[in-house]
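> The structure follows.
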Amino acid sequence: MQSTESNGTTVHKDITFTVAIGNQWLNCFTITGSVLVQRLWGIVSAVTTFTNCTSACFDLNDGAATIQLTAASGVLSGMPVGTIFAKAGLAAAAFVVLDNTAGDVGESTVPLEWSESIVTQKSGQPTYLRMGISTTDNPVAVVMRISCQWVPLTPGSKVT
Amino acid sequence: MLTANPGGIQISKTITLAASGGSESLNCFTLTGSVWVRQLWGVIQDATSFATCTAASFILYEATGPSTNQLTKNDGVLSAMAVGTVFAKVGLAGVTFGVLNNAAGAVLEPGAAGQIFSEFMVTQRTGAVVTTIQFQYTTAATPIIGTAQIYATYTPLTAGSKLIPA
């Protein structure tokens with residue numbers, strides 16, 4: 001699904017984690033060329049078994065190397081449907097989580113701001129924006145909708 | 001134009017690098033009045049002979065004076081970068097432009113969480129003096145052979161102000 005925003009295009013991808021006691025990475029988006037990623041976030045959209053979910057993060061993988069987009073320390077264990085997580089810091093920071101068990105406010109010691117990045121595809125190689133998790137559930141069963149707002153920086157560049 | 005951006009106007013200019021064992025300054029955009037430049041970046045489109053490209057930067061140049069103001073630090077290095085490599089002003093004038101070398105997947109972040117491009121305002125020298133944003137560099141190649149597409153997104157600050165491909 002794709003829609004045009006006032007300052008960029010937003011794409012969405014539904015991903016389903018099914019790993020049993022271990023790690024799993026899922027491709028969310030394919031990067032073509034170079035793009036400005038303005039916003040990157042996700043929402044827990046369906047939960048069957050989701051007791052344990054740690055080391056959660058976004059990264060960029062070009063088939064040979066991985067670059068963190070958020071720290072591999074995000075925790076989504078037990079979060080209900082509707083919980084939001086978003087890249088609001090540099091790569092060394094875990095994504096911010098808004099747990100909708102109660103009303104929640106995404107702030108920290110400084111005003112919360114989407115943290116942008118420029119992302120470049122490895123020349124001639126499929127390059128993916130991924131989400132990874134670790135779980136002790138056997139198996140985990142959860143669906144998340146991942147969203148990315150982006151702007152092309154070179155002709156033909158895109159996030160799909 | 002790459003994308004509709006109601007908050008600004010996007011322009012681009014193809015520049016051809018052709019210096020032989022020396023430096024070259026290439027006009028990218030001509031400034032009229034005063035504008036707020038929100039994004040400034042480039043992409044290498046041809047790198048036929050591109051072994052050395054150093055001391056690279058963006059500057060504001062006034063034809064009469066002459067006078068220059070650095071927009072990025074004059075120590076950018078694009079030597080041997082391939083087609084598709086992106087370079088962008090992501091810091092203040094005292095900071096080298098950021099380079100995304102597409103030999104591998106690459107990510108460039110700001111110094112602190114938030115906006116990646118570093119914005120600035122520029123003003124044309126009074127008296128209708130031709131004032132341009134230039135790309136300058138030095139090469140040891142004889143000659144360097146390459147092209148780059150330079151992009152800017154800007155907003156006019158006064159009536160009639162604009163930035164147009166030079």
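> Over 31 Å between C-alpha atoms is what I'm after, so list which of A:87/A:158; B:13/B:73; A:158/B:89; A:87/B:162; A:122/B:73 land there.
Long pairs (Cα-Cα over 31 Å): A:87/B:162.
> Using the basic label-point model (7 angstrom from Cα toward the beta carbon), what is the residue B:49 to residue A:10 distance in nanometres?
Inter-label distance under the simple model: 5.0 nm.
> Please report B:60, A:26 as a ranked list, fewest other C-beta atoms within 10 angstrom at the top and most at the bottom.
Fewest-to-most Cβ neighbours within 10 Å comes out as A:26, B:60.
> Obtain the nm distance between the two label points defined at residue A:64 and residue A:125 by a simple spin-label model: each point lies 7 Å from its Cα along the Cα-to-C-beta direction.
Going from the residue A:64 label point to the residue A:125 one covers 0.4 nm.
> Hey, another quick one. If the elastic network links every pair of Cα atoms under 10 Å, which of B:127, B:42, B:84 fluctuates the most in the Gaussian network model of chain B?
B:127
> A further question follows. For the stretch B:119-151, list residues with backbone N below 11 Å from a point placed 7 Å from the Cα of residue B:68 toward its Cβ?
Taking a point 7 Å out along Cα→Cβ of residue B:68, the residues of the stretch B:119-151 whose backbone N falls under 11 Å are B:134-138.
> Another one. Quote the FRET efficiency, to the nearest 0.05, computed for residue B:128 versus residue B:155 with a Förster distance R0 of 22 Å and r equal to the Cβ-Cβ distance.
0.50
> For B:54, A:127, A:120, what ranking results if the residue with the fewest other Cβ atoms within 10 Å of its Cβ goes first?
Least to most surrounded, the residues fall as B:54, A:127, A:120.
> May I pose another question? So for the stretch B:10-155, averaging the separation of alpha carbon pairs under 8 Å that are six or more residues apart and normalising by length, what relative contact order in percent results?
About 47 percent, as a whole number.
> Let's test the formula: R0 of 22 Å, r as the Cβ-Cβ distance of residue A:81 and residue A:113. What FRET efficiency results, to the nearest 0.05?
Step by step, r from the Cβ atoms, then E = 0.25.
> So what is the relative contact order of chain A, in percent, for Cα pairs below 8 Å that sit 6 or more residues apart?
Worked out over chain A, it gives 44 percent.
> What's the exposure ranking of B:62, B:109, going from fewest to most Cβ atoms within 10 Å?
Listing B:62, B:109 from fewest to most nearby Cβ atoms yields B:62, B:109.
> Less than 15 Å from a label point 7 Å out along the Cα-to-Cβ axis of residue B:112: which backbone N atoms in the stretch A:62-105 qualify, by residue?
A:89-90
Quick note: the coordinates plus some simple rules give every number you see, no bench work behind them. Values in this document were obtained by computation on a predicted structure and should not be read as measured data. Note that each Cβ is placed from the backbone with ideal geometry, even for glycine, and that neighbours are counted across all protein chains shown.
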